[in-house]
1. Considering the chain as a Gaussian network with a 10 Å cut-off on Cα pairs, which listed residue, Pro276, Pro180, Pro151, attains the greatest mean-square fluctuation?
2. What 222 nm value per residue comes from the helices of the chain, counting each DSSP H run with n ≥ 4 as -39,500 (n - 2.57) and dividing by all residues, nearest 500 deg cm²/dmol?
3. Run the numbers for Trp316 and Ser80: contour at 0.36 nm per residue of separation, minus the present Cα-Cα distance, in nm.
4. Taking the radius of gyration and the Kirkwood hydrodynamic radius from Cα positions alone, what is the Rg/Rh ratio for the chain, to two decimal places?
5. Each residue of the range 194-206 in order: what ³J(HN,Hα) in whole Hz does its phi give by Karplus 6.51 cos²θ - 1.76 cosθ + 1.60, θ = phi - 60°, with x for Gly and Pro?
6. For the range 83-93, just list the computed ³J(HN,Hα) in residue order, Karplus coefficients 6.51, -1.76 and 1.60, θ = phi - 60°, integers in Hz, with x standing in for Gly and Pro.
7. Roughly how big is the chain's charge dipole about its Cα centre, with Cβ charges of +1 (Lys, Arg) and -1 (Asp, Glu), in debye to the nearest 20?
8. Could you please rank Lys260, Lys49, placing first whichever residue has the fewest other Cβ atoms within 10 Å of its Cβ?
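Quick note: the coordinates plus some simple rules give every number you see, no bench work behind them. Just so it is clear, the model here is predicted, and its values are computed rather than measured. Cβ: placed from backbone, ideal geometry, glycine included. Neighbour counts: every protein chain shown.
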Amino acid sequence: MVLLCTLIGFFLTAASAVSGYANPGACSGHCWAHDPSVIQRASDGLYFKFNTGSGIEIATSSSLTGSWTLQGYVLPSGSSIDLSGNTDLWAPDVHLVGSVYYLYYAVSTFGSQNSAIGVATSSTLEPGSWTDLGSTGVASSSSKSYNAIDPNLITVGSNYYLNFGSFWDDIYQVQFASPPTNHGSNSAYNIEYNSTGTRPSEGSYMFYYSGYYYLLWSSGICCGYDTSLPPTGAEYHISMCRSTAATGGFVDKNGVSCTKNGGSVLLASHGTTYGPGGQGVFTDTSRGLVLYYHYADTDVGLADADYLFGWNTLSWSSGWPVV
Ligand SMILES: *[C@@H]1O[C@H](CO)[C@@H](O)[C@H](O)[C@H]1NC(C)=O
């Protein structure tokens, strides 16, 4: 296994010589990450990093590079959603709307379509400050074409949209009410679909930049690399499409529709960085748009417990983000 890892490391290193991706930015302190969500608190600029992990972790730091300190958990006793997995919440997505922070989370169990998306609110982001509002109404079971996990909110003017989905028919979107706690009578529609293989799109994240809405998602196998290493290229990587509307019409760099297998790669394994995904984007007050994600460092270990927090300031080329 050591020899295998060394060989894999060698080939990945050789591959990165031509990849051109920047390495993950520096991190110190509590750098473990899984499906991170990062936000700077409006009142004082303090960085907050939320993670999937035995409940939703809250870590803080005065700098994006650390040192990160684990402060506690968002809903330590779980969610009021009556579904298996409600004490082990996943995939946080945190946004400031007005003067309230909204944290969307998923309740599910691994590989199950019995899932729901919940929401909690806080005015400070701190442990102990979160109020669970329970289900947003976005839920799935075997009768649905999607799996209702991996939430991501985007605000467009005075309208709110929740992106979500994982495998099955991939990424969906539904318009939310105001305040953005539920979808009312709005129906969900598909915004990204990859018909190939296991249809492995999940963890979407949408952001706006200079006339376009960019839709990012994680494509591939997320987890368990230490026990079952995916074939090269089948591990997590970050794909993207863009549209002038937040609600559809997403295409890749070649103009291929995102609902017809389109998607350009934003970030993939390179050097000792393996399986980057679970990504998001936030506006850093000093750096501008920053992409963040989790990844495995092949020099550290491939287990989920070894995943690390990665980030890169986005640069731009011909209207597309570059790492
Ligand atoms: C579509 O899925 C295949 C695996 O079936 C994957 O290799 C490919 O990267 C995905 N395409 C996009 C654009 O994410």
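1. Maximum fluctuation in the GNM of the chain, among the listed residues, is at Pro180.
2. After summing the helix terms and dividing by residue count, I get -2000 deg cm²/dmol.
3. Stretched out fully, the Trp316 to Ser80 stretch lengthens by 80.7 nm.
4. Rounded to two decimals, Rg over Rh is 0.94.
5. Computed from phi, the couplings for the range 194-206 are 10, 6, 7, x, 8, 6, x, 9, 7, x, 5, 8, 10 Hz.
6. Per-residue couplings from phi come out as 8, 4, x, 6, 9, 9, 6, 10, 6, x, 9 Hz.
7. In debye, rounded to 20, the chain gives about 700.
8. Ranked by crowding around the Cβ, least crowded first: Lys260, Lys49.
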